[in-house]
Amino acid sequence: MISDKTLTLTKRLRRNRRTDAIRSMVRETELRPSDFVAPYFVLPGENQRREIRSLPGHARLSIDHILRDIESLHAQGIPGVILFPVVPNHLKDNAATEAFNPDGILPVAIRRLKEELPSLCVIADVALDPFSSFGHDGLVDERGTILNDETVHALSDIALIYAQEGADYIAPSDMMDGRVGAIRTKLDDHHLTEVGIISYCAKYVSSFYAPFREALDSAPRIGEKHSYQLDWPNAREALIEAALDEEEGADILMVKPALVYLDILVKMREVTKLPLSAYHVTGEYAAIMAAHSLGYLDGPKALHESLMAIKRAGADFIFTYAIKQVLERLS
Ligand code: PBG
């Protein structure tokens, strides 16, 4: 359409958005399979599978099922997994006794994964909540206080068990003070200098963890997690956590959740030279899948957009439940 209404503009940004070819040339951020780490909820035994009502597309699985699933994802370029044990309630207590079982769910799973898929990067989450009758990440005293230093000793001992089974990284998700340094020392004392630490250094108190807590039946039985996880309004505090964890020997830092804390990711990217990861958590995935099942939006597309935002904000890689949807869209 020819018109005499042509404006004289020095810049017309739409020229660079005109065709698929041009858009692909000027694209600033790329998502690749190697950007994603797959979380798994590990059941004891073999041939076990239990759905997770609030986490569509995911189930608690025994290690044989996990092996089959991750083998295919790994072949498509997914480099790593993070593991969470689903501990039967009768084995939970305040001392998290089951966490010290060298033949417990995670040690067995780590061993199997490293035997059968040696090139896979295996990350072991370390915190007491999957094992705790109180559902807390730390030991709880009679007054309901979460004990910092006692917990740090326990976490270091658990980390050692996972590292001895062959975990590539230990990922403490508990937010106790000093745990990164203590775990580093423990691993080094046992000549496990090659095992790294991915620190959940900015982990916020969040409603977006709800499906995760359903999966592990780990919702706190008393109180909440406000005395250890970060408070929503605080950003500077996350940067202090990052600096401390870096000093204590963290190899990789993490922001969690991801989407509602993109500002933290951007700020952290500016102050650390370490690799930076983000955890796109269960609730962030489940909310989109729920909207998808109601026909309110296109779930896989919205998940792809979400992961792009997290990468654009500065994450080098992302822990996410959306791998299958996004791999399909990338191919
Ligand atoms: C607890 C832990 C949580 C997650 C990972 N480790 C939740 C919590 O603090 O209760 C959440 C991950 C997710 O929702 O995907 N140590």
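The values are calculated or read from the model by the stated rules, or taken from the named source; none is laboratory data. Computed from a predicted model, the values in this text were never measured in an experiment. FYI the Cβ positions are ideal-geometry reconstructions off the backbone, even for glycines, and counts take in every protein chain you see.
Could we say that Glu248 is away from the ligand (no atom under 16 Å from the Cβ), acidic (Asp, Glu), more than 20 Å from Ile82 (Cβ to Cβ) and in contact (Cβ under 8 Å) with a residue 60 or more places away in the chain here? Spelling it out, Glu248 is indeed away from the ligand (no atom under 16 Å from the Cβ), acidic (Asp, Glu), more than 20 Å from Ile82 (Cβ to Cβ) and in contact (Cβ under 8 Å) with a residue 60 or more places away in the chain.
Residues checked against (1) within 12 Å of the ligand (Cβ to nearest atom); (2) at pLDDT 95 or above; (3) among the basic types (Lys, Arg); (4) over 30 Å from His74 (Cα atoms):
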| position | (1), (2), (3), (4) |
| --- | --- |
| Ala124 | yes, yes, no, no |
| Ala127 | yes, yes, no, no |
| Arg143 | no, no, yes, yes |
| Thr151 | yes, yes, no, yes |
| Asp168 | no, yes, no, no |
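Can Asp231 be described as loosely packed, with under 15 Cβ neighbours inside 10 Å, under 30 Å from Ala309 (Cβ atoms) and of a type in the set (Asp, Glu)? For Asp231, the condition - loosely packed, with under 15 Cβ neighbours inside 10 Å, under 30 Å from Ala309 (Cβ atoms) and of a type in the set (Asp, Glu) - is met. Being near the ligand (Cβ under 8 Å from one of its atoms) and polar (S, T, N, Q) is the filter; apply it to the stretch 195-220 and report the residue that is farthest from Pro44 (Cα to Cα). Only one residue tops the list, namely Ser206.
Just to be sure, is Phe131 in contact with a helix residue (DSSP H, G or I) (Cβ under 8 Å, 6 or more places away or on another chain), surrounded by fewer than 16 Cβ atoms within 10 Å (Cβ to Cβ) and farther than 30 Å from Glu328 by Cα? In short, no.
Of all residues in the stretch 166-181, those that are surrounded by fewer than 24 Cβ atoms within 10 Å (Cβ to Cβ) have Cβ atoms under 9 Å from Cβ atoms of residues that are of a type in the set (Val, Ile, Thr) and in a loop (DSSP other than H, G, I, E, B), 6 or more apart or on another chain, in Gly166/Val195; Asp168/Val195; Tyr169/Val195.
Considering the conditions (1) at pLDDT 95 or above; (2) crowded, with 17+ Cβ neighbours inside 10 Å, Glu237 is excluded by exactly one of them, (2). The strands (runs of 3 or more DSSP E) located wholly in the stretch 24-91 that include 3 or more residues which are in contact (Cβ under 8 Å) with a residue 60 or more places away in the chain and of a type outside the set (S, T, N, Q) occupy 36-43, 80-85.
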